[in-house]
1. Can you confirm whether Asn90 is out of contact with any strand residue (DSSP E or B) (no Cβ under 6 Å at 6 or more places or on another chain), free of Cβ contacts under 8 Å to residues at least 40 places away in the same chain, farther than 25 Å from Met182 by Cα and polar (S, T, N, Q)?
2. List the pairs whose first member sits in the stretch 121-143 and is free of Cβ contacts under 8 Å to residues at least 24 places away in the same chain, whose second member is in a helix (DSSP H, G or I) and not hydrophobic (A, V, I, L, M, F, W, C), and whose Cβ atoms are under 8 Å apart, counting only residues at least 6 apart or on separate chains?
3. Residues in the stretch 66-80: is at least one hydroxyl-bearing (Ser, Thr, Tyr) and touching a residue at least 40 places away in the same chain (Cβ under 8 Å)?
4. Considering every residue within the stretch 50-59, establish whether at least one is outside any helix (DSSP H, G or I), outside the structural domain of Thr163 (by the TED database) and modelled with pLDDT under 85.
5. For Leu141, work out the one condition from (1) closer than 29 Å to Ala176 by Cβ; (2) assigned to a helix (DSSP H, G or I) it doesn't fulfil.
6. May I ask you to list the residues in the stretch 94-112 that are crowded, with 16+ Cβ neighbours inside 10 Å and not in a helix (DSSP H, G or I)?
Amino acid sequence: MINDIKKDGEERMKKSLEALENAFSKVRTGRAHPGMLSGVMVNYYGADTPLNQVASVNVEDSRTLLVQPFERSMVQAVDKAIREADLGLNPMTADVIRVPMPALTEETRRDMQKLARGEAENSRVSVRNIRRDMMNDVKDLAKEKEISEDEERRASDDIQKLTDKYIASIDSKLEAKEKELMEV
């Protein structure tokens, strides 16, 4: 039973870490990468559709993304979606869409750092909430006399070690992202 609680909690913590990595991929650095446009939704015949389902997104060079809609008629809709996505990007449209990355100023880099720190804090809170849920489950088992006090204490220690491991992982990912953001 305790192992099931630990296994479930660890899976949920892994998902929190994956969500953080996904959020970090959307935080813009000085380099272009296709993940920056992963949250863009395009109006595709009346339905909001993720950009990667209506166009291919590639890196043309280190500061430019190349977006090629699968249908030529979608060029204007994709251009409009990128402009309205509030990413601070200004695409240039022809047969394909080129999205140049504006140079990051010191102030923009600091804002991006704040955004990254906020995402990391959200992940930490998520991991701590998972720990709380796991601890409550273990306490419930102890109350119902399904496990002994020693097993409860051991499980609590294991849960805390697991939590510390994931918090440390979040911190290291944040540190790497901050370093990446401050590179010129």
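The values are calculated or read from the model by the stated rules, or taken from the named source; none is laboratory data. Everything numeric in this text was worked out from a predicted model, so none of it was measured. Every residue, glycine as well, gets a Cβ built from its backbone with ideal geometry; the counts of neighbours run over all protein chains shown.
1. no
2. Lys139/Glu152; Ala142/Glu149; Ala142/Glu151; Ala142/Glu152
3. Checking the stretch 66-80: not a single residue is hydroxyl-bearing (Ser, Thr, Tyr) and touching a residue at least 40 places away in the same chain (Cβ under 8 Å).
4. No; the residues of the stretch 50-59 include none that is outside any helix (DSSP H, G or I), outside the structural domain of Thr163 (by the TED database) and modelled with pLDDT under 85.
5. For Leu141, the exception is condition (1).
6. Those that are crowded, with 16+ Cβ neighbours inside 10 Å and not in a helix (DSSP H, G or I): Val96, Ile97, Val99, Met101, Leu104.
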